[in-house]
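Below you'll find the structure, written out as structure tokens, and then a few comments.
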Amino acid sequence: MPSTPRATTYGICEWYAHSFVNLDRQRRSELAAKALQHLGETSRTRQDQRVNIPCPFKVGVCNKKGGICSLRPYGATGDGGATAGADEFVTICPNRFLEGNTIFDSISRTVLRGRDYKVIGQIPFLKRQSAAPTDDDAEGVGRIDNIVVRVPAPPNEPLQWCAVELQAVYFSGEKMEHMFRHVGGLGSGSYSGNGIPFPDRRRGPDWRSSGVKRLMPQLQIKVPEIVRWGKRLVVVTDRAWYQNNVGAAQTVSDISNSDVVWLIVDYVEDGDAIKLQTHDTRFLKLTDTVMALTGGRPTTQAEFEAKIRRRAEL
């Protein structure tokens with residue numbers, strides 16, 4: 001049974017690149033049918049039976065099962081409908097960051113101090129210790145999402161480049177299948193009104209899994225080596241993710257004193273579309289980043305033992 005709706009909860013913001021609040025009932029039903037088919041695809045699904053919906057943010061088709069690009073909070077109206085919150089857009093699919101090369105333009109200017117660049121994707125960073133030395137990319141274990149390299153690059157001069165990690169958030173909660181049937185009017189008890197449907201069940205961003213469990217180990221492995229080479233790693237994320245994971249971290253004033261460059265983006269509603277824009281760039285040391293992701297600095301021994309005494313009533 002669906003859980004009791006909360007006053008505010010997260011729902012779809014962009015669905016196959018369409019602004020959800022601007023979809024009419026018929027279009028929601030069409031996209032829901034495609035999303036359900038998309039969810040059911042496997043590696044054995046025939047090519048001509050796949051949902052090949054073009055992704056406007058990258059070259060190729062959407063590879064995010066169900067097609068959700070981003071989330072936003074919704075408030076309940078009491079009749080099964082919803083009002084959309086305007087202050088928080090949460091990126092679910094990393095490809096959403098690729099709109100119009102906006103992030104790479106900003107990275108090239110901020111980190112490489114130039115305007116001409118090339119973007120290379122998915123370069124292996126680690127190699128298995130048990131493998132014989134090889135240049136074969138198949139031996140790569142742990143990849144960097146993108147490399148931005150300044151051009152031209154004369155053959156006898158050092159390359160000017162930086163590494164880029166795209167950090168979206170994981171979407172947690174009950175099965176997406178239920179949500180698609182609900183918002184598409186495809187089942188008993190699903191929303192059949194003409195307004196915006198309120199999310200049927202509890203779902204939302206899993207900040208901790210995407211921060212501590214996914215990103216932090218990546219940074220701890222990659223950043224020390226990249227900084228040792230005299231380069232920088234740029235993490236691209238949205239304003240909501242940064243505020244919920246790193247917002248209280250101490251920053252430094254100049255890139256030369258940093259280990260990690262954070263490029264923070266946000267989204268604005270422009271008519272029927274939602275557009276990505278750069279919001280801020282912040283420079284952090286790796287230690288301060290890790291402290292923020294883990295939730296704070298360790299307590300002192302005296303403070304910790306004082307808590308033990310209180311709990312043990314000593």
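The values are calculated or read from the model by the stated rules, or taken from the named source; none is laboratory data. These numbers come from a predicted model, not from an experiment. Methodologically, a virtual Cβ is constructed for each residue, glycine included, from the backbone with ideal geometry; neighbour enumeration extends over all protein chains shown. Ligands, DNA and RNA are stripped out before the accessible areas are found, and what is left, the full protein with its side chains, is counted by its heavy atoms. Shrake-Rupley method; radii C 1.70, N 1.55, O 1.52, S 1.80 Å.
The set of residues in the stretch 110-119 that are loosely packed, with under 14 Cβ neighbours inside 10 Å and under 16 Å from SER256 (Cα atoms) contains only ARG113. Here GLY60, GLY67, GLY40 are screened, and the one residue that is open to solvent by less than 60 Å² (accessible area, probe 1.4 Å), of a type in the set (Gly, Ala, Ser), within 22 Å of GLN167 (Cβ to Cβ) and without any contact (Cβ under 8 Å) to a residue 12 or more places away in the chain is GLY60.
Taking into account only those residues within the stretch 80-109 that are among the polar types (S, T, N, Q) and modelled with pLDDT of 95 or more, which is farthest from the chain's Cα centre (by Cα)? Checking each candidate, the answer is SER108. Note on the stretch 211-314: enclosed helices (runs of 4 or more DSSP H) holding 1 or more residues that are touching a helix residue (DSSP H, G or I) at 6+ places or on another chain (Cβ under 9 Å) and buried (at least 19 other Cβ atoms within 10 Å of the Cβ) are 216-228, 239-245, 286-294. Considered as a group, the residues in the stretch 148-172 that are over 24 Å from VAL260 (Cα atoms) and in contact (Cβ under 8 Å) with a residue 24 or more places away in the chain include one that is surrounded by the most Cβ atoms within 10 Å (Cβ to Cβ), and that residue is PHE171.
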